[in-house]
Structure formats: C-alpha cells, structure tokens
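Read the figures in this text as sums done on the coordinates, not as results from a lab. Note that the structure is predicted; figures quoted are calculated from it, not measured. Please note: Cβ atoms are built from the backbone with ideal geometry, for glycine as well, and neighbour counts cover all protein chains shown.
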Amino acid sequence: MSVSEVYSQASTSTSSDEDETVMGKDDFLTLLVAQLQNQDPLNPSDSTEFTAQLAQFSSLEQLQNINDALSDFEVYQSTLNNIQASNFIGKTITASGDTLTVEDGVANDIAFELEESSTSVYIQIYDASGTYVGDIDAGAMAAGQQTVSWDATDDNGTAVDDGVYTYSIMAVDADGNSVTTTSYVTGMVTGIDYESGETLLLIGDQEVAISSMIRVEETSTDDNV
C-alpha cells in the first residue's frame, strides 16, 4: 500500500465525530519502524522506497498545511473587506447599473454616459415588475457623463409609489444612428448587506455590488436635504 493510500484512509477515518485524531509525520515514522521490525530478514525492504514514501508523505502534509492556511486567509480577507465596506456608509457612490430608488416621493438622479454627442435622448422607466411607467425626453446632449432628474411621476402625472425602478436609454446622433450609452447607479450609501455572501452597498432599497463601484465622493450638504 502506498503512502498516499494510507494517508487517504487515515484522513477518511478521522472525519467522524468519534475519532478526531489526525495522522501526522510521527505516526508515519512509527509505521516505518514497525515495518522494519517485522520485515523478512532474508528479503529486507529497500530503504530507497522508505525514503521516497517519507518524501511523499511530507509533500502531502505540506500541501494540506498550505490549503488550511489559504482557507484561513480567505476568511480573514472576507472579514476585512466587510469591515472596510462600512466606511462607505454616508458616502455618495457611482456604480454600473440601471436602477434608481424613489423614497418619500423623491427619485435619485438618472446617471449615464454617452459615447457620442446625441441629438435626441429618451429615457424609459419601469417598475420592479417590468411594467412601463413613463419616459423622459432629455433632448440633445453632448458626449460624456450626464445626469437627468425624474419627478417620480408616471405618464399621467400621478406620483409613483416608493420603491426600486429600472430605466433604459435610447440615444441617436444627427444621422439617426444609435449612440452607445452606459448606465450608472448613483446615490448615498445607507447600509451594507452581507447576507448573500457578497458585499452589497445599499442606496435606499437598491443593492449595489461593491465590485461594480467606479467612484466614491463625500456626500454634499445638498444631497442630504
């Protein structure tokens, strides 16, 4: 039986609650000594094989130690990231996304970027179920980052309910060709959610993955009004 087979059986047998011992290097040396003591004196075992087995066991043990160390590091890194994420509370962030929140009848600004100057920009807004709510005719806009305000009313002028909404942007240039747009989520971080296993920043009821964040700013006094 090779040392890897012995190690595998020892690891399997020690996984139960009844036996929490782990086969270590000393145990392996004890096995080697026992094997030497009980070998056939007329057909002694080759010491080269013992050396190779010991080296193999040492390699397996080192790999296991490295794996345990990496697992501990991942837990530490995750905890550190979660602690650092709390520093974003109260800051205004911009991240990739196409959602906005209406809270107390007030909507976040709609933020996006135009790849080229556009002669016509339309923004369509949908509720959480995907139902069309209304649109905004933003007119002509230059290339670059833009923000548009929404009065949180539908096409009939009726105030919409508080909640999370999505939007899509359609823009064309002077020749009627579509202009590439990139949508962003912007707003003040009000909390952090770790429950899903991913660190999510909360902007009202919106959940924003911390990995999608592209800018962080101090929240101005006007933003808090």
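Overview of results
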| item | result |
| --- | --- |
| Sequence ranges 141-152, 199-210, ranked by mean other-Cβ count within 10 angstrom, highest first | 199-210, 141-152 |
| Contour excess over end-to-end distance, with Cα ends at residue 155 and residue 194 and 0.36 nm allotted per residue | 10.3 nm |
| Förster-model FRET efficiency, 41 Å R0, residue 127 and residue 173, C-beta, rounded to 0.05 | 0.85 |
| Global form of region 79-206, assessed from the alpha-carbon gyration tensor, a/c cut-off 1.5 | oblate |
